[in-house]
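Single-structure report; data block below.
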Amino acid sequence: MVFQDPDDQLFMPSVHEDVAFGPLNLGLPLEDVEERVVQALSTVGMLHLKDRPPYRLSGGEKRSVAIATVLSMSPSILVMDEPTSNLDPKARRQLIQLLKTFEHTIILATHDLDMVLDLCSRTIVLKKGRVEADGPTRDIMQNQELLDSCRLEKPLQLQSCPICSPGSTMQ
């Protein structure tokens, strides 16, 4: 699982040690641990930061390293809590592009419905701890009544432009 706040996940003196933590605790041989660390950091484009302390990373770098800590464990399922929170637009786009390359099953807990539309074929909407809807992402994202009842907004990419749409009073 990748936590919402990478500072809750990164606690070792260096990025390398953080990424190696899980495999070492699995009792893997040091050679295998090193291979996993290099592979995971390379996958997220952060190998060049392996010797840096996590507290010296930007928010986007921390998020990528936190993902690498999980990837080094070779999971079949990747669970992420609000993965785009506190990321600037470029870091958000980079994260989405990275996640598109994964073959893992990805479970996201998020309010970033544009990201959901980009990444997910299936969406489950929760309301007060209960499943309110479960189905194809596009169908759910176009159900305005459902979105309104769950205090969600239609993804921007599905909204009409308020300035250039026919009938707009802003022209």
Worksheet item: Within the bounds of the range 75-83, is there any residue that is over 25 Å from Val15 (Cβ atoms) and in contact with a Ser or Thr (Cβ under 8 Å, 6 or more places away or on another chain)?
Response: no
Worksheet, complete the sentence: Filter the range 22-58 for residues that are in a helix (DSSP H, G or I) and basic (Lys, Arg); the one that is nearest to Leu78 (Cα to Cα) is Arg36
Response to the item:
Among the residues of the range 22-80, the number that are under 19 Å from Phe3 (Cα atoms), without any contact (Cβ under 8 Å) to a residue 24 or more places away in the chain and of a type in the set (Gly, Ala, Ser) is 0
Discussion item. Being in a strand (DSSP E or B), under 10 Å from the mean Cα position of the chain (by Cα), of a type in the set (A, V, I, L, M) and under 29 Å from Leu28 (Cα atoms) narrows it down to one residue among Leu99, Leu95, Leu108; which is it?
Written reply: Leu108
Discussion item. Among the listed residues Ile140, Ile106, identify the single one that is β-branched (Val, Ile, Thr), surrounded by fewer than 19 Cβ atoms within 10 Å (Cβ to Cβ) and more than 25 Å from Ser14 (Cβ to Cβ).
Written reply: Ile106
Discussion item. Being at pLDDT 95 or above, part of a helix (DSSP H, G or I), surrounded by fewer than 17 Cβ atoms within 10 Å (Cβ to Cβ) and β-branched (Val, Ile, Thr): is that true of Val19 here?
Written reply: no
Worksheet item: Just wondering, is there one or more residues in the range 119-142 that are on the phi < 0 side of the Ramachandran plot, in contact with a Pro (Cβ under 9 Å, 6 or more places away or on another chain) and of a type in the set (D, E, K, R)?
Response: yes
Practice prompt. Give the number of residues within the range 36-46 that are under 15 Å from Ala20 (Cβ atoms), of a type outside the set (S, T, N, Q) and surrounded by fewer than 17 Cβ atoms within 10 Å (Cβ to Cβ).
Written response: 1
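So that you can scan it fast, the table gives a plain yes or no per residue for (1) part of a loop (DSSP other than H, G, I, E, B); (2) more than 23 Å from Val79 (Cα to Cα); (3) at pLDDT below 95; (4) not basic (Lys, Arg):
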| site | (1), (2), (3), (4) |
| --- | --- |
| Thr123 | no, no, no, yes |
| Ala133 | no, no, no, yes |
| Leu146 | no, yes, no, yes |
| Lys154 | yes, yes, yes, no |
| Gln157 | no, yes, yes, yes |
| Ser160 | yes, yes, yes, yes |
| Ser165 | yes, yes, yes, yes |
| Ser168 | yes, yes, yes, yes |
| Gln171 | yes, yes, yes, yes |
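Residues are listed down the side, and each one gets a yes or a no for (1) in contact with a helix residue (DSSP H, G or I) (Cβ under 7 Å, 6 or more places away or on another chain); (2) assigned by TED's automatic domain parsing to the domain that holds Ser74:
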{"site": "Arg93", "(1), (2)": "no, yes"}
{"site": "Lys100", "(1), (2)": "yes, yes"}
{"site": "Met115", "(1), (2)": "yes, no"}
{"site": "Gly129", "(1), (2)": "no, no"}
{"site": "Asp134", "(1), (2)": "no, no"}
{"site": "Thr137", "(1), (2)": "yes, no"}
{"site": "Ser149", "(1), (2)": "no, no"}
Response to the item:
(1) surrounded by fewer than 17 Cβ atoms within 10 Å (Cβ to Cβ); (2) in a helix (DSSP H, G or I); (3) in contact (Cβ under 8 Å) with a residue 12 or more places away in the chain all hold for Pro13 apart from (2)
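The values are calculated or read from the model by the stated rules, or taken from the named source; none is laboratory data. Quick caveat, the model's predicted, so the values are computed rather than measured. Note that we place each Cβ from the backbone using ideal geometry, even for glycine, and neighbour counts take in every protein chain shown.
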